[in-house]
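Comments concern the structure below.
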Amino acid sequence: MDRGLRVARGARRKKRELRTLTDPFTVAPPTGARIRDRLCLSSSDEKVLTLLGHHLGHHARADLAERVRIGRVPVKDNRRAERKRALTKVSSSRWAGAITRASEDQYQLSLRCLFDERASLRRTIAKIRDRLTVPCGQRVGGVRGYPDQKERAQKQYRLQVLTARLAEVEARIEAGHPAIVVGGKRLAKIRHNLADAGLADAEWRERWDAERMFLAADGESGAPYGNYTITVDPGDGTVTIVLPEPMRHLANASRGRYRLTAKVTFTHRRDEWLDRATANQSVRYKIACDPERGRWYLDASWPTPHTVLPTPVELAASGVRLLAVDLNADHLAACVVDAHGNPVGEPVTVPTALTGPSSQRDGRLRAAITTLIDLARANDCAGLAIENLGFADTRATGRETMGRGKRGKTFRRIVAGLPTAKFRERLSGMAHHAGLLVVAVDPAYTSRWGAQHWQHPLQQQSKTTVVTGHHAAATAIGRRALGHGARRRPGVTAHDQRIVARRATGQTVPRPRARGTASPPRTTGTPHQGTKTCWSRSDQLVLFPVSKTVRETPGTRRPAPGPVHRDSANTGQLA
């Protein structure tokens, strides 16, 4: 027999080792807040804002191009002061500061995207190379070869394409010149396929110009109402903007400012905004245009104070409940778990229906999260437990690890449709504002162990809900968030505790008692202590026989055998 085949068969017989699980952690709350209000502008206001956005956007793109040409250098060598002085001549000092800061942030973000793409390409190339080393239709050392020579040839061609892309990415990282498309790469590609996108040339141009405008001003503590460049009066809601030097002739207020006719109220989180604006704390404003709806918006954002959240160990010690949630493609499976890791009540299914336009998907996801928060409040839960899903490695390798054919394609579509990043971001923010914590756990084996240990007991406990494997996985997630294992002791849950014999759960960590004060172990026939009632003591004479020196007298009562509850138990210590 071939030695390679013997090794492969031996590897299959060997029991697969479980991967090491990471510890659960409390998800950090949002580091900032952002609110939006609509600007009902007049025709003159729209004309001035359009001219201002195009003027600043032109200089912002030029500054970003200069920053890309500088490359990867230390912060002190990025020549920001020199670039800011050049921009001040065509705008103002504060506009120049906002433009140079935005350019630096965009450059650093693009570099991080390049590093992520390089890691993804390396994972994919390594996986394809491993499978190409195995003959077609065989498996060596746990690595499966491609089923036929045709697919193997296609993968060899794909390997060459990915290798070329990796070389290009590495060259960009080495030179420090990431590719940045101001306005969006997707919108730029639509320009060559307007018929497929259903857009006219004028409509595309309007969207392109709106995306490339720059109308953002950073806040400044101590400035009037937290921002000198774009100022919003919290009293009457008027908005004034400092115009650049070449546009000062359009000013309708003092000191080269332009006052909009629109009023701003900021209904959502208005109290937080008022606290900062009236105290002259920094607030960043950004004016955005939506040409599809023909609307203008004003966004306000500010940093939030850092708060220290309790760890999962502290949550488990405090004896709180958690609402465990299992994220799926079309619904959320939730189950309430108490401090001992036992499910409470019946599991709940929250539909999501994340199909259709992106705006509708975001609204449906928010509605589902709101339902979870209401459910957590109704059951006195301190927070929610979720899986720390990312799918970075899985999505990078694609068909190499997620199956092939019709079944693999369906599974890959399901994984791609899971809103993992959006769900985690929305849940952490909305739960924080609702006063709830979010605990993230390792997603390994939650579905398998949950279905193995908890689906049948949950179905026995539930009377009206059909329990699925997703509900069982949610229970495993909640137990892992509290530090318990996924395995269930026999006889924990029952539909009727009086009829079915059950054991104690034994999920809590045993705490040693002080020596000399512990009660003796309870066995059959041991008298009940305290206020418990003992129905029969007929078998206690064997365990605690009456001394022969004690004589029974007619009419007298036999002394109670065994120790009485006011005597201290002897645990083996010498007096």
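Readers should treat all values here as calculations from the given coordinates under stated rules, not as data from a laboratory. Bear in mind the structure is a predicted one, so any value in this text is a computation, not a measurement. Cβ placement follows ideal geometry from the backbone for every residue including glycine, while neighbour counts extend to all protein chains displayed.
Loop-located trypsin sites (Lys or Arg not before Pro) in the stretch 293-388 (DSSP state not H, G, I, E or B) with no more than 12 neighbouring Cβ atoms inside 10 Å: Arg293. Here the spin labels are modelled as points 7 Å beyond Cα on the Cα-Cβ line, and at Ala367 and Ala444 they lie 3.8 nm apart. For the stretch 261-334, which GluC sites (Glu not before Pro) pass both filters: DSSP loop (anything but H, G, I, E, B) and at most 16 other C-beta atoms within 10 Å? Those that pass, being in a loop and sparsely packed, are Glu292. Using θ = phi - 60° in the Karplus curve 6.51 cos²θ - 1.76 cosθ + 1.60, the 3J(HN,Hα) couplings for the stretch 346-352 round to 9, x, 10, 10, 10, x, 10 Hz; x is entered for Gly and Pro. Within the stretch 161-199, find all residues whose amide N lies under 18 Å from a label point positioned 7 Å from the Cα of Val73 along Cα-to-beta-carbon. The answer is 173-178, whose backbone nitrogens lie closer than 18 Å to the label point.
The spacing between the stretch 416-484 and the stretch 153-175, judged by their C-alpha centroids, is 39 Å.
Stretching Glu17 away from Thr464 to a fully extended chain increases their span by 157.1 nm, per 0.36 nm per residue minus the current alpha-carbon distance.
With 0.36 nm allotted per residue and the present C-alpha distance subtracted, the Ser221-Lys422 stretch has 69.2 nm of extension available. If R0 is 30 Å, the Cβ-Cβ spacing of Leu109 and Gln360 corresponds to a FRET efficiency of close to 0.65.
Subtracting the Cα-Cα distance of Phe25 and Leu51 from 0.36 nm times their residue separation leaves 4.5 nm of extension gain. Neighbour counting of Cβ atoms within 10 Å sorts the residues His433, His470, fewest neighbours leading, into His433, His470. Sorting the segments 55-62, 332-339 by their mean number of nearby beta carbons within 10 angstrom, highest to lowest, gives 332-339, 55-62.
Once the convex hull of all Cα atoms in the stretch 208-303 is built, its volume per residue stands at 120 Å³. Considering all C-alpha pairs of the stretch 63-217, those separated by over 24 Å amount to 57%. The Cα atoms of the stretch 257-377 give a gyration tensor whose axes a ≥ b ≥ c have a/c of 1.5 or more with a/b no greater than b/c, which makes the shape oblate. Extending 7 Å from Cα along the Cβ direction at Ser44 and again at Ala197 yields two label points whose distance is 3.5 nm. Of the trypsin sites (Lys or Arg not before Pro) in the stretch 17-46, the ones in a loop by DSSP (not H, G, I, E or B) with at most 10 other beta carbons within 10 Å are Arg19.
Among the listed pairs Lys127/Lys185; Lys84/Lys189; Lys47/Lys286, a Cα-Cα separation exceeding 21 Å is found for Lys127/Lys185; Lys84/Lys189.
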